[in-house]
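Bear in mind these aren't lab numbers, they're just calculated from the coordinates by the rules spelled out. From a predicted model like this one, the values you see are computed outputs, not experimental measurements. Here the Cβ is made from the backbone with ideal geometry for all residues, glycine too, and neighbour counts use every protein chain on show.
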Amino acid sequence: MSFLKPASMLVREGLKHLQARRFDKAVKSLQLASRKKPQDPVILIYLSQAYAGLGDLDKAITTILEACELDPEHPTPKELHAMYLMMQGRHAEAIPIIDKVLEIQPSDILLVMRGQADYSQGNLDSAEVFFKRALELDSMNPLAHHMLALVKYQKGQFQEAIPHLETALSFGESESLRKILEDCKSKTGGGVAERTI
């Protein structure tokens, strides 16, 4: 009897399923809602997230591109499009999308994504710039600290990596980061660097 429910009710159900990580049920509810309101980009945004939750990134991308077409000025579909591309390892394709959204709506999260795209392609200098810009917007962004530490480590700037590693680790333990921190300390005589951003 779901087909008799109004789109708004189906969206609410879909969101509940999405939040509970019941992605298959979210897809069903949101697909029905989208059939009832095919011109609603918000429903497509949620539907793309449900597909991504199921691991079907191709459908997530197809769906989010429909949302982009319906509302070309809205930054959220573009952000999600870039994120899905990055999840597929298509970093070079994500970069121009992220850059476009950054022009409209800069955020620390987008700056980190942009830095990650550069980092994944070995462009450490550019990645460093984006991670630093993210930290200017949110000095306690754990992922920005994490990634900036990795950049510094890759560049052999061990002393500069230490405070970023320590900050990232203060948000949650990571065995790999802990090992990098120990390596940095051993290479610098165990000293603690001044925090530089």
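Before moving on, here are some points about what is shown:
- If the convex hull is drawn through the Cα atoms of the chain, its volume per residue in Å³: 120
- Among 21, 133, 90, the largest mean-square fluctuation in a Gaussian network model of the chain, built with springs joining Cα atoms closer than 10 Å, belongs to 21.
- The angle separating the long axis of helix 108-120 from the principal Cα axis of greatest extent in the chain is about 70 degrees.
- Look at the dipole of region 1-105 built from charges on Cβ: of 81, 4, 14, the Cα furthest out on the positive end belongs to 4.
- The chain: angle of helix 23-36 to the longest principal axis, Cα-based, in degrees nearest 10: 50
- The chain: angle of helix 57-70 to the longest principal axis, Cα-based, in degrees nearest 10: 70
- Value of relative contact order over the chain, rounded to a whole percent, pairs C-alpha under 8 Å and six or more apart: 10
- Taking the alpha carbon gyration tensor of region 1-105, multiplying each eigenvalue by 5 and rooting it gives semi-axes of 25, 15, 10 Å, largest first.
- Dipole magnitude of the chain about its Cα centre (Cβ charges: Lys, Arg +1; Asp, Glu -1), debye to nearest 20: 780
- Kirkwood Rh and Cα Rg combined as Rg/Rh, region 111-197: 0.94
- Under the Debye formula (equal points on every Cα, no solvent term), log10 I(q)/I(0) of region 114-165 at q = 0.22, 0.26, 0.28, 0.29 Å⁻¹: -0.69, -0.95, -1.07, -1.13
- Residue exposure sequence - 135, 124 - by fewest surrounding Cβ within 10 Å: 124, 135
- Most positive-pole-ward Cα, 120, 168, 23, against dipole of the chain from beta carbon charges: 23
- Candidate cross-link partners of residue 179 among the aspartates and glutamates, defined by an alpha-carbon separation under 14 Å and a same-chain spacing of 8 or more, comprise 166.
- Think of it as helices only: each DSSP H run of n ≥ 4 in the chain is worth -39500 (n - 2.57), and spread over all residues that comes to -24000 deg cm²/dmol at 222 nm.
- Debye, to nearest 20: dipole size of region 1-105, +1 on Lys, Arg Cβ, -1 on Asp, Glu Cβ: 700
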